[in-house]
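Beneath this line is the structure, given in structure tokens, with notes to follow.
The values are calculated or read from the model by the stated rules, or taken from the named source; none is laboratory data. If you're wondering where the values come from, they're calculated on a predicted model, not measured in any experiment. Don't worry about glycine lacking a Cβ; one is built from the backbone with ideal geometry, like all the others, and counts go over all protein chains shown. These area figures cover heavy atoms from the full protein model, side chains too; ligands, DNA and RNA do not enter into them. Shrake-Rupley method; radii C 1.70, N 1.55, O 1.52, S 1.80 Å.
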Amino acid sequence: MTGKEYRTITDVKGPLVFLDKTEPVAFGEIVSLRLADGSIKNGQVLDTSNDLVVVQVFEGTAGVDLTTGVTFLGDVFKLPVSKDLIGRILDGAGRPRDGGPEIIAEENADIIGAAINPYSRQSPHDFIQTGISAIDCCTTLVRGQKLPIFSASGLPHNDIALQIARQAKLTESDEEFIVVFCAMGITAEEYNFFRSDLERTGALENAVLFVNLADDPAVERLITPRLALTAAEYLAFEQDYHVLVIYTDMTNYCDSLRQIGAAREEVPGRRGYPGYMYTDLAMLYERAGLVKGKKGSITQFPILTMPGDDITHPIPDLSGYITEGQIVISRELHQAGIYPPINVLPSLSRLMGGCIGADTTREDHKSVSDQMYAGYAQGRELRGLVAIVGEDALNERDKQLLDFSGLFEDKFLRQNRDEDRSIDETLDLCWNLMQSISTKYLVRLDQQWIDKYHPTDKKE
Amino acid sequence: MQTKKESGKMSNEGTIYRISGPVVTAIGMTASMYNVVRVGNEGLMGEVIELHGEKAIIQVYEDTSGIRPGEPVFNTGETLSVSLGPGLLTEIYDGIQRPLATLEEVMGVFITRGVDADGINMEKKWNFEATVSEGDRVESGSIIGTVQETDTIVHKIMVPPGISGVVSTIKSGEFNVTENVCKLDDGNEIQMLQKWPVRTPRPYRQKYAPDTPLVTGMRILDFLFPLAKGGAAGIPGPFGSGKTVTQQSLAKYSDAEIVVYIGCGERGNEMTEVLDEFPHLIDPNTGEPLMNRTVMIANTSNMPVAAREASVYTGITIAEYFRDMGYDVALMADSTSRWAEAMREISSRLEEMPGEEGYPAYLSSRLAEFYERAGRIETLNGLDGSVTVIGAVSPPGGDISEPVSQGTLRIVKVFWGLDAGLARQRHFPAINWLGSYSLYPQSLDQWFRDNVAQDFPEVRTEISGLLQVEAELQEIVQLVGSDALPIDQQLTLEVARMIREYFLQQNGFHEVDAFSAVDQQYKMAKAILSFQENAKKAIASGGLLEDVVNVPARTTLMRNRFEAGYLDRIDGLVDEMNKEIAAAVEDN
């Protein structure tokens, strides 16, 4: 079959090409299209039968006509992987973008990736210190976790992602992370920002970049994250690296998915997104974790912008059902001039419970985190009440909580873009701020930690 | 058992005509609905789900990349079945009952395809003890012998449905599951292994009305919204509201004898957590590791979607099998929304006319059929068994007006509504006490009166009444602040706060607090009412609200619930509190 060129295109619709009468073509097989001007486009088989084959063209169908030659390449999409990937910049289809040579393949890996057997997984439990207080204290990141940033247009999610990439480390060891960065439909400006920051800090040498920009073909975005994760899996599970995958922006990815769905005339689900979007996203997000008998790990940091700041929009909603928590960026805090504007209230790290405490962070971490959270939540709620009845109507406890919520934002959340706080510094800072509430109201704190860590109690 | 179902003469081989994701069309093959077929050169497992002239539409349980039209399809003539027999317990399966440990041995850590694995170990020898003798008459479902499967569970070997006769030979001893242990006079041979098609409910004599609660150890569930053994419950909630934690708590602490836990289209790490944790957890009812009574099915979100569709049926069939031995079985399905989505995905590949939100029109009838397999029944052998089904629902955006939530609520009698707002306040379990309901209290009240306390239902009514009043008062507080309320209403708020923080909140990860026996729940509720009564009296005789509320003994009473042996100390602590409240008046 390989090598034979067909000129049997009957229909071209959006990114899809329909062909009549071919030899048996495999489902998922890759396809090369030769246009009249000699240029080559690549695609993949989406539907195959004896009579009709549907091909999705990654570079878009501009220039394709009924005489375009189609060759089926006899194999499914594979990425050549080797250690040489490290330090390279590739485009959204896995070709060098940095002017360097082709990757010499150690092996060719199927980009769809197989599911990790749940029985073979290892529970993630190693604390990653990001140096950002809000994350380390309240939504602790764990090695092998998938923790997305839910942001919105105009918010500094990129700065936060980069700060995490720069500062992330394990407290117990000095092993470094390899960053796999995957850009999907972001602007050249955003890309340059990422790239120059990685360059400036020297991280680029320890990174692999897969780049599909806003003016690159939209359909290509469907394979870009798969390439990135295939590279990540190879580096983690074959080469024993700890890999941090940052991909941005999932919203563009989902929009491409919708585009293909519409072109195939599929029955749309909510807001026009295909009904299988949950499964499709899961096939990306679930490629994170640790497996028994392998040293490496994959930690995922997907960034998505919530359309209209709406957390119930299908993209954040389905993501939240798959990922192990989320970090939510707040426009309100951003407008108040606070960086990083992380709203800890809807944020969550599902794996936090198993990775904090005396052995990993500090014995008082859980207690402190609960109290900080509760105090801030109550203080924030009181702001609404104060707007109606005025501050004077509050009792002593409520006044203290209200003041605390201000301190929480100003001292605890706020930090510089290059400020790297250790977990001890973060927790000590918490204790300092909690002094503004009298101890009898600190009901979430264990007495033993109050005795040991509370600054005023210690003096007495 | 010999099921002679093969039709023999039909052409059971065809070829692939079309492949579209998990849906494959075969031609030139005789097939009937739900036949299991082997697809392509690798023999991937699939199931016939539609017939269309000479075309058979097949859903394939494994990834179909690389398969070509023209490859062979082989019809096994069987329907999708599970293997039932000793060896099910402690096992973890994928959606079509392949043991994940076996898959790891064959494939390594990633799940590839084309591997077949027996649902239960066919080689392992079990000690079979016959409980009937030669010459005894046995019917379908009769117990002919037992096997001690785990330390706590006796596996009863039953005559498969459809077979009966007089025992001509039966032997005790060491057998594997495929060896004959019993022969009937009509020539039928019985092994410990039996197969049952997953989409067909197993037979029973009759259904009873449930009258015993499934005690879960979670106060808000047992006390306010009890679930009956043999009942069905739905837990809808947005992400992060604690569905999985609630389901896992139920799997850990409910007083079912057998637990079947289905991780259907959920996170891989969550299943790993269960796998890591369960062997080390001790069942509070038997003192044995929880794993000994558990069967797990894990078809995570990135595993093949057709196998996800099947996983729910695989699970409930295993549950019914243990029910038929006379056990109380609890089945957790997390999450039924992912199951419904699998149906939607397959349906859309079949180009069926969609119903609401793209779900197939038969969604609600499938949901109903599934939940209807729950129930308390008289088994074919006259025993009393039950299957309780607890299904998590993941409504998009937390909005339960969507089809899966609505389809579920129409059937189940217990609704435990999880609330993102409560979760955000770190109030766990985040079950909304105003919106949730249970329709079982009437049928269960007698049990609570007989086994806990005569006034149990009345105490429950009082507690839930207080929570209602609080909700109304809170609306006023939002406008004017709590200081503007009269003292008695301020006290009501304080009592309601005690209900919330002391009674409803429960730490599912705390070794003591995670499980609360029903009599302890009752005493805790009484302690709250006792506080209310004494505080009212104290205030009436001139005590200050603040003094009464802040008596240290009340804090002690509340905090001590985290200590072992709380049940025995609670009366003393309540007395202490009441004395201090009385003293607070005198000091004044």
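Every residue, every condition in (1) assigned to a helix (DSSP H, G or I); (2) surrounded by fewer than 17 Cβ atoms within 10 Å (Cβ to Cβ); (3) hydroxyl-bearing (S, T, Y), yes or no:
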| position | (1), (2), (3) |
| --- | --- |
| B:W447 | yes, no, no |
| B:Q454 | no, yes, no |
| B:E475 | yes, yes, no |
| B:Q490 | yes, no, no |
| B:R497 | yes, yes, no |
| B:Y502 | yes, no, yes |
| B:Q506 | no, no, no |
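When restricted to residues that are part of a loop (DSSP other than H, G, I, E, B), more than 9 Å from chain B (Cβ to nearest Cβ) and of a type in the set (A, V, I, L, M), region A:286-299 contains 0. Being over 20 Å from A:I111 (Cβ atoms), more than 14 Å from every other protein chain (Cβ to nearest Cβ) and in contact with a Phe, Trp or Tyr (Cβ under 8 Å, 6 or more places away or on another chain) is the filter here, so list the residues in region A:43-87 that pass it. Residues satisfying the conditions are A:G69, A:V70.
Flag not set for A:D420, criterion: at negative phi and open to solvent by 70 Å² or more (accessible area, probe 1.4 Å). The one condition from (1) in contact (Cβ under 8 Å) with a residue 60 or more places away in the chain; (2) more than 14 Å from chain B (Cβ to nearest Cβ); (3) farther than 30 Å from A:D424 by Cα that A:L229 does not meet is (2).
Here is a yes/no grid of residues against (1) open to solvent by less than 10 Å² (accessible area, probe 1.4 Å); (2) out of contact with any Lys or Arg (no Cβ under 7 Å at 6 or more places or on another chain):
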{"residue": "B:D185", "(1), (2)": "no, yes"}
{"residue": "B:E189", "(1), (2)": "no, no"}
{"residue": "B:M192", "(1), (2)": "yes, yes"}
{"residue": "B:T200", "(1), (2)": "no, yes"}
{"residue": "B:T212", "(1), (2)": "no, no"}
{"residue": "B:V215", "(1), (2)": "no, yes"}
{"residue": "B:T246", "(1), (2)": "yes, yes"}
{"residue": "B:Y261", "(1), (2)": "yes, yes"}
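So which of A:A109, A:A114 ends up being open to solvent by 10 Å² or more (accessible area, probe 1.4 Å), aliphatic (A, V, I, L, M), within 14 Å of another protein chain (Cβ to nearest Cβ) and in contact with a helix residue (DSSP H, G or I) (Cβ under 7 Å, 6 or more places away or on another chain)? Explain how you work it out, then say what you get.
Details: A:A114 fails: in contact with a helix residue (DSSP H, G or I) (Cβ under 7 Å, 6 or more places away or on another chain).
Going through A:A109, A:A114 in turn, just one is open to solvent by 10 Å² or more (accessible area, probe 1.4 Å), aliphatic (A, V, I, L, M), within 14 Å of another protein chain (Cβ to nearest Cβ) and in contact with a helix residue (DSSP H, G or I) (Cβ under 7 Å, 6 or more places away or on another chain): A:A109.
Among the candidates A:L433, A:L407, A:L402, A:L445, single out the residue that is over 32 Å from the mean Cα position of the chain (by Cα), surrounded by 16 or more Cβ atoms within 10 Å (Cβ to Cβ) and part of a helix (DSSP H, G or I).
Result of the check over A:L433, A:L407, A:L402, A:L445: A:L402.
One residue is enough: does region A:366-384 have a residue meeting the conditions away from chain B (no Cβ under 13 Å) and surrounded by 23 or more Cβ atoms within 10 Å (Cβ to Cβ)? Yes - at least one qualifying residue is present in region A:366-384.
Considering region B:21-96, there are no qualifying strands (runs of 3 or more DSSP E) wholly inside with 2 or more residues that are of a type in the set (S, T, Y), open to solvent by less than 10 Å² (accessible area, probe 1.4 Å) and over 13 Å from B:P304 (Cβ atoms).
Restricted to region A:243-285, and to residues there that are in a loop (DSSP other than H, G, I, E, B) and touching a strand residue (DSSP E or B) at 6+ places or on another chain (Cβ under 7 Å), the residue that is modelled with the highest pLDDT is A:D249. Each residue in region A:306-338 was checked for being open to solvent by less than 20 Å² (accessible area, probe 1.4 Å) and either of a type outside the set (D, E, K, R) or outside any helix (DSSP H, G or I) (or both), and 19 pass.
Among the numbered conditions (1) over 30 Å from B:V109 (Cβ atoms); (2) touching a strand residue (DSSP E or B) at 6+ places or on another chain (Cβ under 6 Å); (3) in contact (Cβ under 8 Å) with a residue 40 or more places away in the chain; (4) at the interface with another protein chain (Cβ under 10 Å from one of its Cβ atoms), the only one that A:P341 does not meet is (4).
Taking (1) surrounded by fewer than 23 Cβ atoms within 10 Å (Cβ to Cβ); (2) of a type in the set (G, A, S); (3) within 19 Å of the chain's Cα centre (by Cα); (4) within 14 Å of another protein chain (Cβ to nearest Cβ) in turn, B:S335 satisfies each apart from (1). Taking region B:97-116 as the range and being within 14 Å of chain A (Cβ to nearest Cβ), in contact (Cβ under 8 Å) with a residue 60 or more places away in the chain and open to solvent by 30 Å² or more (accessible area, probe 1.4 Å) as the test, the residues that pass are B:R113, B:G114. For region B:55-67, the condition holds for at least one residue, the condition being that it is modelled with pLDDT under 90 and over 17 Å from B:I346 (Cα atoms). A:S347 - would you say it is touching a helix residue (DSSP H, G or I) at 6+ places or on another chain (Cβ under 9 Å), surrounded by 23 or more Cβ atoms within 10 Å (Cβ to Cβ) and not in a helix (DSSP H, G or I)? Criteria met by A:S347. In region A:238-267, the qualifying residues are those that are in contact with a Gly (Cβ under 6 Å, 6 or more places away or on another chain) and hydrophobic (A, V, I, L, M, F, W, C), and the one that is least open to solvent (accessible area, probe 1.4 Å) is A:A263. Of all residues in region A:344-387, those satisfying the criterion of being without any contact (Cβ under 8 Å) to a residue 60 or more places away in the chain, aliphatic (A, V, I, L, M) and out of contact with any Lys or Arg (no Cβ under 8 Å at 6 or more places or on another chain) are A:A358, A:L382, A:L385, A:V386, A:A387.
When B:S364, B:S301 are checked against the criterion of being assigned to a helix (DSSP H, G or I) and more than 22 Å from B:A256 (Cβ to Cβ), a single residue qualifies: B:S364.
Only one of the numbered conditions (1) surrounded by fewer than 24 Cβ atoms within 10 Å (Cβ to Cβ); (2) more than 13 Å from chain A (Cβ to nearest Cβ); (3) not in a helix (DSSP H, G or I) is violated by B:E351, and that is (2). Using the structure shown, decide if B:S365 is within 14 Å of another protein chain (Cβ to nearest Cβ) and of a type in the set (S, T, Y). Taking the combined requirement at face value, the residue does not satisfy it. Can you go through B:L88, B:L51 and tell me which one is away from chain A (no Cβ under 14 Å) and under 28 Å from B:M158 (Cβ atoms)? Just one listed residue meets the conditions, B:L88.
Applying the criterion of at least 1 residues that are touching a Pro at 6+ places or on another chain (Cβ under 8 Å) to the helices (runs of 4 or more DSSP H) found wholly in region A:139-233 leaves A:157-167.
Scanning region B:367-386 for residues that are part of a loop (DSSP other than H, G, I, E, B) and of a type in the set (G, A, S), we see that the one that is most open to solvent (accessible area, probe 1.4 Å) is B:G382.
Taking region A:65-98 on its own, how many of its residues are without any contact (Cβ under 8 Å) to a residue 12 or more places away in the chain and more than 18 Å from A:N206 (Cα to Cα)?
Residues meeting the conditions: 1.
Scanning region B:543-577 for residues that are within 22 Å of B:P284 (Cβ to Cβ) and among the β-branched types (V, I, T) turns up just one, B:I570.
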